[in-house]
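In what follows, a single structure is set out as structure tokens and then discussed.
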Amino acid sequence: MKGRFIRVLSLSFIALSFIALSLLGLTACTQVPTWTLFYFAEQDTIPKDAKAHHIAGYYQQLDQCLAKGAGMVKLSESGKGVYQCGFECQDDGTGSVQCQRFEQATAL
């Protein structure tokens, strides 16, 4: 009886240790996206104020955001559209989005 109790206790400890390490690993790998892609289909110019309904994705790095925007323009039926990436954006609750700064690809 005592041996069985110790075996159950040690298995419980191993299971709890595994769960704790798994959760730690998940939180260590989770990062908050810092770049927000705004895509404006069928437009030639970027509107002055970024609107929440134009958000097309969230990215860790600027180059990822810019590449996705360029791909969206390329894949559009008309080949027409513009995009920009906002850094650390927040929705103000009224449909407007405030970002610390905006970046967009420059033509080569």
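The values are calculated or read from the model by the stated rules, or taken from the named source; none is laboratory data. Since the model is a prediction, treat every value here as computed from it, not as a measurement. FYI the Cβ positions are ideal-geometry reconstructions off the backbone, even for glycines, and counts take in every protein chain you see. To get the accessible areas, we keep the full protein, side chains included, count just its heavy atoms, and leave off ligands, DNA and RNA. Shrake-Rupley method; radii C 1.70, N 1.55, O 1.52, S 1.80 Å.
General remarks:
- 14 Å beta-carbon shell around S78, net charge (K/R +1, D/E -1): -1
- Charged neighbours of A41, selected by a Cβ distance under 12 Å, balance to -2 (K, R count +1; D, E count -1).
- Applying 1/(1 + (r/R0)^6) with r as the Cβ-Cβ distance of Q100 and A41 and R0 = 22 angstrom yields a FRET efficiency of 0.30.
- Taking all protein chains as they are arranged and a probe of 1.4 Å, the heavy atoms of K80 leave approximately 80 Å² accessible to solvent.
- Protein accessible area in region 43-107, 1.4 Å probe - carbon and sulfur %: 49
- The stretch between D63 and K48, if pulled fully straight at 0.36 nm per residue, gains 3.2 nm over its current Cα-Cα span.
- Residues of type aspartates and glutamates that K80 reaches as a straight line, Cα spacing below 12 Å, ignoring anything fewer than 8 places off in the same chain: E42, D44
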